[in-house]
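A.B. asks: The structure follows.
Laboratory data are not the source of any read-out in this text; all were calculated from the coordinates shown. For clarity, every value in this text was computed on a predicted model and none was experimentally measured. Ideal geometry is used to build each Cβ from the backbone, glycine not excepted, and the neighbour counts take in all protein chains shown.
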Amino acid sequence: MFLVLNHQELDIHRYSRQFVTACYSLAKKLPPEEKFILSSQIRRAALSVHLNIAESASRKSSAERKRFYEVARGSLIEVDAALDIAKDLNLINDPDLESIGTLIVKCFSMLSKLIKSQENNH
């Protein structure tokens, strides 16, 4: 917010930020009894994606940056799995998932490319 850093220029930064806001919006639609369970888990994992991408920018070595990208990608997969369960339980429907699904696929692809690029920097 106050710092202007290189990672903010990356497309993944913009898409992961959109992903977090989409997940928070979707989590609000879940029933109240899921507030401290599924809703909280989705929000925390989505936020982890964005925050790990941001934190990777402060790392000097490729190996460290790669690890933060891997954690971000793992959190992205966690949200995807949580959304599977929410759908199985009929807590969300397909229209609610459309934009998030697009963002998940986009972020996953970008993170995978970033991970690969850090492997090539060794």
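A.B. asks: For segment 11-43, which chymotrypsin sites (Phe, Trp or Tyr not before Pro) are both in a DSSP coil and crowded by at most 11 other Cβ atoms within 10 Å?
C.D. replies: Hits after loop and neighbour filter: F36.
A.B. asks: Follow-up. Measure up K35/K106; K28/K87; K60/K106; K87/K116; K28/K66 against 23 Å on the Cα-Cα distance and list the ones that go over.
C.D. replies: Result: K35/K106; K60/K106; K87/K116; K28/K66 exceed 23 Å.
A.B. asks: With unit charges on the beta carbon (Lys/Arg positive, Asp/Glu negative), name the residue among I77, I100, S56 whose Cα is farthest towards the positive pole of the charge dipole of the chain.
C.D. replies: The residue sitting most towards the positive pole is S56.
A.B. asks: What length, rounded to one decimal in nm, is gained on full extension from S62 through to V105, with 0.36 nm per residue of separation minus their alpha-carbon distance?
C.D. replies: Details: separation 43, 0.36 × 43 = 15.48 nm, distance 2.38 nm.
Result for the pair: 13.1 nm of gain on full extension.
A.B. asks: Quick one: length gained pulling E9 to I37 fully straight, 0.36 nm per residue minus the C-alpha distance?
C.D. replies: Numbers: separation 28, 0.36 × 28 = 10.08 nm, distance 3.38 nm.
Length gained, E9 through I37: 6.7 nm.
A.B. asks: How much net charge surrounds E34 when only the other residues with a Cβ under 14 Å from the Cβ of E34 are counted, with Lys and Arg +1 and Asp and Glu -1?
C.D. replies: On the way: positive: K28, K29, K35, R43, R44, K87; negative: E33, D88, D96.
Local net charge: +3.
A.B. asks: Dipole of segment 8-120, Cα-centred, from +1 at each Lys and Arg C-beta and -1 at each Asp and Glu C-beta, to the nearest 20 debye?
C.D. replies: The calculation lands at about 500 debye.
A.B. asks: Follow-up question, since we're still on this one. With angles folded into 0 to 90 degrees, how steeply does helix 94-120 sit against the dominant principal axis of the chain? Use alpha carbons for both and round to 10.
C.D. replies: 20
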